[in-house]
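Take a look at the structure set out below.
The values are calculated or read from the model by the stated rules, or taken from the named source; none is laboratory data. Source: prediction; values computed, not measured. Cβ placement follows ideal geometry from the backbone for every residue including glycine, while neighbour counts extend to all protein chains displayed. Heavy atoms of the whole protein, side chains included, go into the accessibility calculation; ligands, DNA and RNA do not. Shrake-Rupley method; radii C 1.70, N 1.55, O 1.52, S 1.80 Å.
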Amino acid sequence: RLQESRERLSVCSKLCYAVGGAPYQITGCALGFFLQIYLLDVAQVDAFYASIILFVGRVWDAITDPMVGFFISKTPWTRFGRLMPWIMFSTPFAIISYFLIWYVPDISTGQVMWYLVFYCAFQTLVTCFHVPYSALTMFISREQSERDSATAYRMTVEVLGTVLGTAIQGQIVGKVDTPCVGSPFFFSLTNSSVAMEELNMTHDTGGLTDTRNAYMIAAGVIGGLYVLCAFILVLGVRERRESCELQSDEPVSFFQGLKLVMNHRPYIKLIAGFLFTSLAFMLLEGNFALFCTYTLGFRNEFQNILLAIMLSATLTIPFWQWFLTRFGKKSAVYVGISSAIPFLILVVLLDSNLFVTYLVAVAAGISVAAAFLLPWSMLPDVIDDFKLQHPSSHGHEAIFFSFYVFFTKFTAGVSLGISTLSLDFAGYQTRGCSQPDQVHFTLKMLVSAVPVGLILLSLLLFKLYPIDEEKRSKNKKALQDLR
């Protein structure tokens, strides 16, 4: 009891720790929901090149996660800890690169390279923040209950961060009417790209300039929040070296540790399940703004619909924390993630209806909350199980977290690149007031049929995950005896 009392975290510490998760979610949500439509309709990048930017950026983001995990494992302990220096030094450079993503350069050539370079640079720098922050879960306490509680605080703030990202970006940008190009003979022309060029030359660009300014204002506000949250995290959280180490043995090398981690079956089964879950929700996130704008016809409402998703997710995080405590984490996975399926089907079967769309948004938010909370709540259980099987091997927390993020981001990059490329093949028209029927069909597949299939596949994989509540209790007692 004395040991558990010493390991307890104050509410203030949990809140400061939780606030550190907001920057990644605020920026990630803004990029996830708005970057595709920004590149296509505001920066006016060709759909093919936009798919290249999104694909290469996300794949590079995935590659940097294990790279950063490797360098963290080689980082010596300092008086600030081993993880905190990464967070402190990456923050200012991340803010600069994030702002430049939302800036339209006045250059005739090289625009694609501009967005690719700064998108990749930001993904690298935010990885230098997020990977050590994720691994920090294992360094704040040895008690499972305290880590789970801190994770619940973190997930609540992170989902609140997605609300802020959606609200700031959506409301600022939504106040400006982005001009679209329409013509009664628009889609009947043989060479639609030539027609678009002629129409763009004669179309008033004043509204487009206001839209570009709005995106930069939103980027400045989000950058300020990023700095504030990083400041609170560094000042309010103590990184405890003794919280993760069972013995004083020298840790094995990174590549030996990587081999051990990748041979740990519960880890592979867990990341396989959440891999497809993340893919489903990232496809929905990346294409939902276009779906609302063109297929449903809610051009002036999509930012509010996105906000409804995130608010619903924020409000239901405490419910899912209670649910997993009461019924177990595997049960929470089955119930939480599957709850969005009927609503995702409903939104494409019924005619465009604003009430039904908001209903689907709320239901999707409930599932998003479960998908946010559960991976980060279950990963520490896998690490505890690994420690029991390899008691002499320690210091691999960053590997567990970074490779989970790596697999998720890599496949997400592939899927988002393919989805944008699919819109190009379907005949997506930049800044068009309407789109061809093939684009509407493609968007329906990307926000409904494909996510539903991925969710069903993930639920089948979770059946193979071996760590249930009984196994967790046994591991907790064994770890206490080992310490």
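Set side by side, the residues 356, 360, 333, 347 differ, and just one is out of contact with any His (no Cβ under 8 Å at 6 or more places or on another chain), within 30 Å of residue 419 (Cβ to Cβ) and surrounded by fewer than 18 Cβ atoms within 10 Å (Cβ to Cβ), which is 356. For segment 215-246, the candidate set comprises residues that are modelled with pLDDT under 80 and surrounded by 15 or more Cβ atoms within 10 Å (Cβ to Cβ); within that set, the residue that is nearest to residue 90 (Cα to Cα) is 239.
Could you list all residues from segment 124-151 that are open to solvent by 10 Å² or more (accessible area, probe 1.4 Å), touching a Ser or Thr at 6+ places or on another chain (Cβ under 8 Å) and assigned to a helix (DSSP H, G or I)? 124, 125, 128, 148, listed by residue number.
Residue-wise test of (1) open to solvent by 10 Å² or more (accessible area, probe 1.4 Å); (2) β-branched (Val, Ile, Thr); (3) not in a loop (DSSP other than H, G, I, E, B).
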| residue | (1), (2), (3) |
| --- | --- |
| 257 | no, no, yes |
| 261 | no, yes, yes |
| 268 | yes, yes, yes |
| 271 | yes, yes, yes |
| 275 | yes, no, yes |
| 278 | yes, no, yes |
| 282 | yes, no, yes |
| 287 | no, no, yes |
| 291 | no, no, yes |
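Counting only residues that are in contact with a Gly (Cβ under 9 Å, 6 or more places away or on another chain) and surrounded by fewer than 18 Cβ atoms within 10 Å (Cβ to Cβ), segment 398-433 holds 1 of them. Between 366, 399, 383, the distinction of being over 14 Å from the mean Cα position of the chain (by Cα) and free of Cβ contacts under 8 Å to residues at least 60 places away in the same chain belongs to 366 only.
If you go through segment 39-64 and keep only what is of a type in the set (Phe, Trp, Tyr) and within 21 Å of residue 215 (Cβ to Cβ), you end up with just 49. Look through 290, 344, 284 and report the one residue that is at pLDDT 85 or above and more than 25 Å from residue 381 (Cα to Cα). None of the others qualify; the one that does is 344. Yes or no: residue 61 of a type in the set (Asp, Glu), over 24 Å from residue 218 (Cβ atoms) and out of contact with any Pro (no Cβ under 8 Å at 6 or more places or on another chain)? For residue 61, the condition - of a type in the set (Asp, Glu), over 24 Å from residue 218 (Cβ atoms) and out of contact with any Pro (no Cβ under 8 Å at 6 or more places or on another chain) - is not met. Evaluate segment 322-336: report whether one residue or more is modelled with pLDDT under 85 and charged (D, E, K, R). Looking through segment 322-336, none of the residues is modelled with pLDDT under 85 and charged (D, E, K, R).
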